[in-house]
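The values are calculated or read from the model by the stated rules, or taken from the named source; none is laboratory data. It should be emphasised that the depicted structure is a prediction, and the values quoted were computed from it without experimental measurement. Virtual Cβ from ideal backbone geometry, glycine too; neighbours counted across all protein chains shown.
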Amino acid sequence: MSALLSAAGVSRRFGGYLALNNVSCDVATGHVHALIGPNGAGKTTLFNIVSGTLRPTSGRIAFNGHDYTGRRPDRVLKMGIARNFQHVRLIRGLSILENVMIGCHTSVDRGIVGNTAALFGVASGERAAAEKARELLDFVGVPMQRHVEPLELTLGDQRRVEIARALASEPRLVLLDEPAAGMNRAEVNDLRSLIARIRDRGITILLVEHHIGLIMEIADVITVLSAGSVIATGPPSVVHRDPAVISAYLGQADEPALRP
């Protein structure tokens, strides 16, 4: 299967600290590809480079065969790469419907809060964007609370709204940064189903997650980072038996959670 996203020899330094060290990784079209590893392994740094938030110190990133290293986040979004964040970043003062509508406007950048009136007051595509946002809220499982503000929702529902906003830009690749963080068991089960439905839509998923049981069930491929370097890549059935992975990361979890 062809690679939709390729990282080749990516390194990133913060002063004297090497956060990523010559990382190479291919994400195949249509796969759920998980990044796992201890805290500080470099997972979010790699996410930030893929999404354009950070530039690599060295190495290249390609999407659908085209090098886009160093492009701005808004340009990366227009290419078809969308993301959520480790900490929820929904906009207070807007309803969850309006938050998802923002995702329909892929040209919107960090000035979005100051331009809200322009988006929702006179935008010719407002009606279509609202309908699309309603459909996506239904899809992610938050159908009945469209006009409430984010803080009125549970953390699990807020994370689903963020996923809906990412999907609103019609991406080919979605980056999910710890989407199960703070969720209870029932919410994690719902998330598992949602990720499968996203994949069924033909959208490729790159996922950072510490919930090992979830990863072992839904990932097609796992890449393991430790101290900024790749120590293993492969299907869950192989990775969870790798001695280096067990030593660096999986050995920290409860043994039953390691079973695919």
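Would you kindly identify the helices (runs of 4 or more DSSP H) lying entirely within region 41-110 that contain at least 1 residues that are touching a Lys or Arg at 6+ places or on another chain (Cβ under 7 Å) and of a type outside the set (A, V, I, L, M)?
Working: elements: 43-50, 73-79, 96-102.
Ranges flagged: 43-50, 96-102.
Show the residue pairs that are 6+ apart or on different chains and have beta-carbon atoms under 8 Å apart, the first residue being within region 237-260 and under 12 Å from residue 226 (Cβ atoms) and acidic (Asp, Glu), the second being at pLDDT 85 or above and crowded, with 18+ Cβ neighbours inside 10 Å.
242/224; 242/231; 242/232
Across region 21-48, which residue is nearest to residue 66 (Cα to Cα) among those that are among the small types (Gly, Ala, Ser) and at pLDDT below 95?
Of all residues in region 21-48, those among the small types (Gly, Ala, Ser) come to 24, 28, 30, 34, 37, 40-42.
With at pLDDT below 95 added as a condition, the list becomes 37, 40-42.
Working: 37: 28, 40: 29, 41: 27, 42: 24 Å.
Top of the filtered list is 42.
For region 1-24, how many residues are in contact (Cβ under 8 Å) with a residue 40 or more places away in the chain and either touching a helix residue (DSSP H, G or I) at 6+ places or on another chain (Cβ under 8 Å) or assigned to a loop (DSSP other than H, G, I, E, B) (or both)?
7
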